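The values are calculated or read from the model by the stated rules, or taken from the named source; none is laboratory data. Quick caveat, the model's predicted, so the values are computed rather than measured. Glycine gets a Cβ as well: all are built from the backbone with ideal geometry, and neighbour counts include every protein chain shown.
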Amino acid sequence: MTDIHFETSNPTIPQTGEKQKVVLAYSGGLDTSVMCKWLQVEKGLDVVAICGNVGQNVANLEWVKQKALAMGAIASEAVDMRAEYAEDILPKAIAANALYENEYPLLSALSRPLISKYIVDIAHKYGATYVAHGCTGKGNDQVRFETSIHALDPDLKVIAPVRGWDLLTREDEMVWAADHSVPVPTTAAKPYSIDDNLWGRAIECGVLEDPWAEPPADIWTMTTDPTEAPDVPEEVTIAFEQGKPVALNGQRMALVDMIPELNTICGRNGYGRIDMVENRVVGIKSHECYEAPAALAIIHAHQALETLCLDHDTLHFKHQIDQKWAETIYDGLWFSQLRAALDGFCASTQTFVTGEVKFKLYKGSMTVTGRRSSYALYDFNLATYGDGDTFDRTASAGFIELHSLPSRTWSKVQGPASVFAAQKASAQIAASQLDHLNLVENKKENHGESEMSATA
Ligand code: ARG
C-alpha cells in the first residue's frame, strides 16, 4: 500500500493550550496587514512577521516592521536580502541567460526562493508550525513560495488566506480591517499589481488584462519613453569574469551596486521594457509587462561574450540548458535536484567566459558593438578573407565529400521525388486542417446565432 499523504493548504488548526506560531511574509500592504490580524483572530495563532528587502521600491522597511507589531504580531523581522540576492542568485541566472519564454528575466521567480529560505529560517528560530503568504490562488508566486518551503522543510504547514477567506474584494477587506482596527489605506486602490526588486519590475492586471490594449504610459517608472530618450546613443561596457559581471564602464563594482546604476543608464535611454503574453504554471495565459533594463542588458551582453568563448557544440547545447533553467525557476523549482544539475553544467561552461562587451543604447534599443576576451575561440587568421589567412581551403573539399555523403546516398535511393511527395502530403494535411477550422468557425457562428435568437 502506498503511503502518500496530501497536505491541504489552509489546514485546520488544532487548538492547544499554548498558541501556535505562524510566520507571515509581510509587505505592509492592505492584504498582508489584514492577514496579520486575521491569523490572530480567525486562526488563534501568534504571528511572527518577516519583511524582506530584495531591492523593491519601499522607502522604509523599519516602518513595515513596526507596522506588523502595531497589528499585534509578537515579533517582526526586517531582513536585507539584497547582497545575497545579487551574489548568490543573480549570477546563476546570468550564467544561464535566464529569460523565460525568451523574454522575461524571471525577476519575481528569482526572489521567491530566497524569501522562502528566510521564512523557513525564521519559522525554525521561533518554533513556528505554520507559514503564511499573501499570494492569490491564480498566480505563480504561491507555487514558488510553497514549493520552496516544502522543499526546505516538509513539516511546515502553509496557510494561504487569500485562497480560502471570504474577503473577496478590496472593499470586503477594508470593512474587515475597519472592524478590527487595522489601519486602511487612504490612497486609492492601485490600478495594477506590481512586484519589484533589484532585477526589475513586473506590472500586471487592470487594463493590461486586454492583450490588444497598448499599455498606458503610466505603467512605466524605470524607463523613459523611447521616443523621448536622448538623440545621441550612449555607449556602455561591461566586463565579465567567469560569466559574472564585475565592472561597468571600466569601474569595478559589486553586482548589487552595478544593477541600480545600469538600470539608470539603460532606463534613461528607454531600454528595458517588455510586453508579452506568458504561460503561467497554473495553466493561464496572462498579459504581463516588465521593466528590467539592467537584467536585459547584462544577459544580452553575456550571451555576446559566450558566442566568443564557448565552442560550437557547447554553445548550441547550452541554448537548451538555458531554456530549461528558466522554465525550472519559473515553475518554482529553485530548490531541486534539476536546478543544481543544470547549474553544474552552466558553471562548467563559464570557466573561460571572461572579457568585455560594449553596446550602444539608443531610444529603446541595445546593440552590441564589440566583444573581446583573452580566451576567445575566435581566431582572426582562420576567419579572415584578407592577409594572414591560415585556413586550409583544400581540406574543405574532403570535408564536404563526407558531410554530403548521407545526402548523396538519399538522393540516389529515394531521390528528390520523395521531397515532392512529402510536400504533397503536408499540403493535404494543411487542407484538412483548414476544413476543420471552417467547421469550428461555422459551429461558432451557429452558436452565436442561436444565442442571439435565444435573447431575441
Ligand atoms: N508573471 C510574473 C511571474 O510569474 C510576475 C509576477 C508578479 N507578481 C505580482 N504579484 N505582481 O514571475
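Restricting to the stretch 88-101, count the residues that are within 16 Å of the ligand (Cβ to nearest atom) and either of a type in the set (Val, Ile, Thr) or not assigned by TED's automatic domain parsing to the domain that holds Gly139 (or both).
1
Within the stretch 102-115, identify whether any single residue is away from the ligand (no atom under 11 Å from the Cβ), more than 20 Å from Thr12 (Cα to Cα) and in contact with a Gly (Cβ under 7 Å, 6 or more places away or on another chain), and answer yes or no.
yes
What do you reckon, is Ala188 over 17 Å from Ser286 (Cβ atoms), in the same structural domain as Leu114 (by TED's automatic domain parsing) and loosely packed, with under 15 Cβ neighbours inside 10 Å?
Spelling it out, Ala188 is indeed over 17 Å from Ser286 (Cβ atoms), in the same structural domain as Leu114 (by TED's automatic domain parsing) and loosely packed, with under 15 Cβ neighbours inside 10 Å.
Has the stretch 199-216 got at least one residue that is at pLDDT below 95, under 23 Å from Ser108 (Cβ atoms), touching a Leu at 6+ places or on another chain (Cβ under 8 Å) and crowded, with 16+ Cβ neighbours inside 10 Å?
no
Would you pick out the residues in the stretch 362-397 that are assigned to a loop (DSSP other than H, G, I, E, B), of a type in the set (D, E, K, R) and under 43 Å from the mean Cα position of the chain (by Cα)?
Selection gives Lys363, Asp379.
So Ala213 fits all but one of (1) of a type in the set (A, V, I, L, M); (2) within 15 Å of the ligand (Cβ to nearest atom); (3) outside any helix (DSSP H, G or I); (4) more than 22 Å from Asp80 (Cβ to Cβ); what number is the exception?
Going through the list (1) of a type in the set (A, V, I, L, M); (2) within 15 Å of the ligand (Cβ to nearest atom); (3) outside any helix (DSSP H, G or I); (4) more than 22 Å from Asp80 (Cβ to Cβ), Ala213 breaks only (2).
I'm trying to understand the selection: among the residues of the stretch 41-64, which are at pLDDT 95 or above and in a helix (DSSP H, G or I)?
The one that is at pLDDT 95 or above and in a helix (DSSP H, G or I): Val41.
Just wondering, is there one or more residues in the stretch 160-173 that are in contact with a Phe, Trp or Tyr (Cβ under 8 Å, 6 or more places away or on another chain) and assigned by TED's automatic domain parsing to the domain that holds Val357? Before you say what the answer is, go through the steps one by one.
At the first step, the residues of the stretch 160-173 found to be in contact with a Phe, Trp or Tyr (Cβ under 8 Å, 6 or more places away or on another chain) are 161, 165, 167.
Now restrict to residues that are assigned by TED's automatic domain parsing to the domain that holds Val357: none.
Looking for residues that are in contact with a Phe, Trp or Tyr (Cβ under 8 Å, 6 or more places away or on another chain) and assigned by TED's automatic domain parsing to the domain that holds Val357, one finds none in the stretch 160-173, hence no.
When residues of the stretch 398-420 are filtered for being more than 25 Å from Tyr378 (Cβ to Cβ), at pLDDT 95 or above and among the small types (Gly, Ala, Ser), how many remain?
Of the residues in the stretch 398-420, 1 are more than 25 Å from Tyr378 (Cβ to Cβ), at pLDDT 95 or above and among the small types (Gly, Ala, Ser).
Of the residues in the stretch 180-199, how many are without any contact (Cβ under 8 Å) to a residue 60 or more places away in the chain and within 16 Å of the ligand (Cβ to nearest atom)?
Count: 6.
I'd like to check something: does the stretch 75-87 contain any residue that is in contact (Cβ under 8 Å) with a residue 24 or more places away in the chain and within 13 Å of the ligand (Cβ to nearest atom)?
Narrowing the stretch 75-87 to residues in contact (Cβ under 8 Å) with a residue 24 or more places away in the chain: 75-87.
Retained after the next criterion (residues that are within 13 Å of the ligand (Cβ to nearest atom)): none.
No, that holds for no residue.
Quick one: in the stretch 116-151, of everything that is among the hydrophobic types (A, V, I, L, M, F, W, C) and under 16 Å from Asp331 (Cα atoms), which residue is surrounded by the fewest Cβ atoms within 10 Å (Cβ to Cβ)?
Ala151
Return yes or no: is Ala202 touching a residue at least 12 places away in the same chain (Cβ under 8 Å), touching a strand residue (DSSP E or B) at 6+ places or on another chain (Cβ under 7 Å) and of a type outside the set (Lys, Arg)? Walk me through how you get there before you give the answer.
On the way: touching a residue at least 12 places away in the same chain (Cβ under 8 Å): yes; touching a strand residue (DSSP E or B) at 6+ places or on another chain (Cβ under 7 Å): yes; of a type outside the set (Lys, Arg): yes.
Here the answer is yes, as Ala202 does meet what is asked.
In the stretch 145-174, which residues are within 23 Å of the chain's Cα centre (by Cα) and within 16 Å of the ligand (Cβ to nearest atom)?
Phe145, Glu146, Thr147, Ser148, Ala160, Val162, Arg163
Looking at the stretch 121-144, which of its residues are more than 11 Å from the ligand (Cβ to nearest atom), part of a helix (DSSP H, G or I) and in contact (Cβ under 8 Å) with a residue 60 or more places away in the chain?
The answer is Ile122, Ala123, Tyr126.
State yes or no: is Ala177 more than 20 Å from Asp141 (Cβ to Cβ) and either buried (at least 19 other Cβ atoms within 10 Å of the Cβ) or within 15 Å of the ligand (Cβ to nearest atom) (or both)? Even if it seems obvious, please write down each step before you answer.
Working: more than 20 Å from Asp141 (Cβ to Cβ): yes; either buried (at least 19 other Cβ atoms within 10 Å of the Cβ) or within 15 Å of the ligand (Cβ to nearest atom) (or both): yes.
Yes; evaluated as a whole, the condition is true for this residue.
Looking at Lys157, is it in contact (Cβ under 8 Å) with a residue 24 or more places away in the chain and either closer than 24 Å to Glu278 by Cα or small (Gly, Ala, Ser) (or both)?
Answer is no for this residue.
Pairs, please: C-beta under 9 Å, at least 6 apart or cross-chain, first residue free of Cβ contacts under 8 Å to residues at least 40 places away in the same chain and in the stretch 274-291, second within 9 Å of the ligand (Cβ to nearest atom)?
Sorted first by the residue in the stretch 274-291, then by its partner, the pairs are Lys285/Glu278.
Taking interchain pairs and intrachain pairs at least six residues apart, which have beta carbon atoms under 9 angstrom, with the first residue in the stretch 259-270 and in contact (Cβ under 8 Å) with a residue 60 or more places away in the chain and crowded, with 16+ Cβ neighbours inside 10 Å and the second among the aromatic types (Phe, Trp, Tyr) and part of a loop (DSSP other than H, G, I, E, B)?
Going by the 9 Å Cβ cut-off, the qualifying pairs are Ile259/Trp199; Ile265/Tyr271.
Of all the residues that make up the stretch 276-294, how many are of a type in the set (D, E, K, R), more than 10 Å from the ligand (Cβ to nearest atom) and over 12 Å from Glu209 (Cα atoms)?
Count: 1.
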